[in-house]
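Below: one structure, written as structure tokens.
Quick note: the coordinates plus some simple rules give every number you see, no bench work behind them. As the structure is a prediction and not an experimental result, all values here were calculated from the model. Positions of Cβ are backbone-derived with ideal geometry, glycine not excepted, and every protein chain shown enters the neighbour counts.
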Amino acid sequence: MSFRIIQCFHQVRKLLTKPIHLCEPKNVGFYRLLDAGFSSGRQGQSDSQSSAGKRRDPSFSTALTVKDQIFDDIPLENRNKETFTKAIGLFLKMNPRLQGHTEFIYAALKRMREFGVHKDLEVYKRLLEVFPKGKMIPKNFIQVEGMHYPKQQQCCIDVLDEIEWNRVYPDKELYMIVKNAFGEWTHAMRKMKRMLYWMPKLKNADPYPMPRPLPLSALELAKAAMKRICRDPSNNVSLFYTEAISEEVEKTWIVSGQSPIQQELLEKHPLENALFVDGPYRVWMMDRALFYFTLVSDRNESKRFNDFQPEVVLTGQEWANWKTKYNSETSDYQQALSLIPTIHEQSDGTVMAIAITGNSSKDSLVCWIKFLEKCNRTLALVPVVFRLRHATSEVTLQREPPTALNSQVKE
């Protein structure tokens, strides 16, 4: 090493003492020798520093660390919130310098649904606490606009997007965790502020709020869905089992909804006109779907439903779409004498009752009709026609393909 430096020094001395007009570019290898000498010196210095670093840090390893391995080692039957938080704590304990924390957060983010913690706010807080505190806070406006630590900020934004997608509502503690990691005026903090502003507004804007959290039982979920479907405040939700009606039918539960007004409409229904059991129709409870069935009759022609003109005669002028006393075929006196339909009497039919069954089978619907006959004596004298379509399950998830309503049964 010292010999090469001395040789390079003599070559430079000869070059500087020789006149410029006598210099010939024949000694091209000199520059390569000069660069090789300094590069070898830098390489030797870096090698010595890296070897010293290995000696100082006993946990240093050149092997490739797979971040998913922490979660892969957990058995499938033990994957829950407790083991997920223990995996995060194990990473923090084994890696006090937080090297590769961004890769670990991405690895944990894609495993949250497997552990069933994708709707748990406390787990998201625990995951965002992996970011180092104070190190990534920008010091000037150039760092703010230039997205200081872009990879880490984008990782935080992806975690917040997952929180928003799973309808998990943030709180003040989550706000402070992001602020301590990235500062007040950053792209990640901008995302956090927008979530704190809009998500509570949208949560409280629904006039028919969802139960939070959603019940895990399919029966309890059906009760909540029935209360949400039936708009009549006087609606009565009943629960019974098929074995109470018939022992030959497969055992399952049935949730029925009927109001006193619907019972009166059913009592006044003409005996010669048939009733229809239609369905299944899909109702969504957040990311879970259920199938319900309706007992309906034909449209009541004695009621007036023509508040608007049909779509086939609509024009581009909005004022012409409304029915007024100047363009209506019905006079004011006729409108005053006409009967106003109830909330259950729609333009396409009258809804007499609604039901959600455990297996969405025809046998369970027959038991439902027999159950309604106990409270509606007229129903036993009226013919009932089943107009059903196949439903493979009573509860589905949002990510599954909608294969439940593919085929139709002819009755």
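Determine the gain in length on full extension of the stretch Tyr106-Arg231; use 0.36 nm per residue of separation and subtract their C-alpha separation, reporting nm with one decimal. Mind dumping the intermediate values first?
Values: separation 125, 0.36 × 125 = 45.00 nm, distance 4.36 nm.
Here the answer is 40.6 nm.
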### Query
What is the packing order of peptides 228-241, 345-358, taking the mean over residues of other C-beta atoms within 10 Å and listing the highest first?
345-358, 228-241
### Query
Taking a spot 7 Å from the Cα of Lys251 along the direction of its beta carbon, which residues of region 366-381 have an amide N less than 20 Å from it?
366-368, 371
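Going down the table (Lys67/Lys172; Lys151/Lys193; Lys110/Lys151; Lys223/Lys251; Lys81/Lys135), which pairs top 23 Å between alpha carbons? Could the numbers behind the result be given before it?
Details: Lys67/Lys172 30 Å; Lys151/Lys193 20 Å; Lys110/Lys151 17 Å; Lys223/Lys251 18 Å; Lys81/Lys135 29 Å.
Beyond 23 Å: Lys67/Lys172; Lys81/Lys135.
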### Message
Can you give me the orientation-averaged projected area of the convex hull built on the Cα atoms of region 69-203, in nm²?
### Response
8.1
### Task
Evaluate the relative contact order of region 69-203 (contact order divided by residue number), counting alpha-carbon pairs under 8 angstrom at least 6 apart; express in whole percent.
25
### Summary
So, with points 7 Å from each Cα along the Cβ direction, the Thr83-Asp348 label distance in nm works out to 4.7
### Query
So how far apart, in nm, are the two label points at Asp363 and Cys375 if each is 7 Å from Cα heading toward Cβ?
2.5
### Message
Expected output is a single nm value to one decimal: the length gained when fully extending between Lys151 and Trp284, i.e. 0.36 nm times separation in residues minus the C-alpha distance. What is it?
### Response
44.2 nm
### Task
Compute the FRET efficiency between Met199 and Arg97 as 1/(1 + (r/R0)^6), taking r as their Cβ-Cβ distance and R0 = 25 Å, and round to the nearest 0.05.
0.15
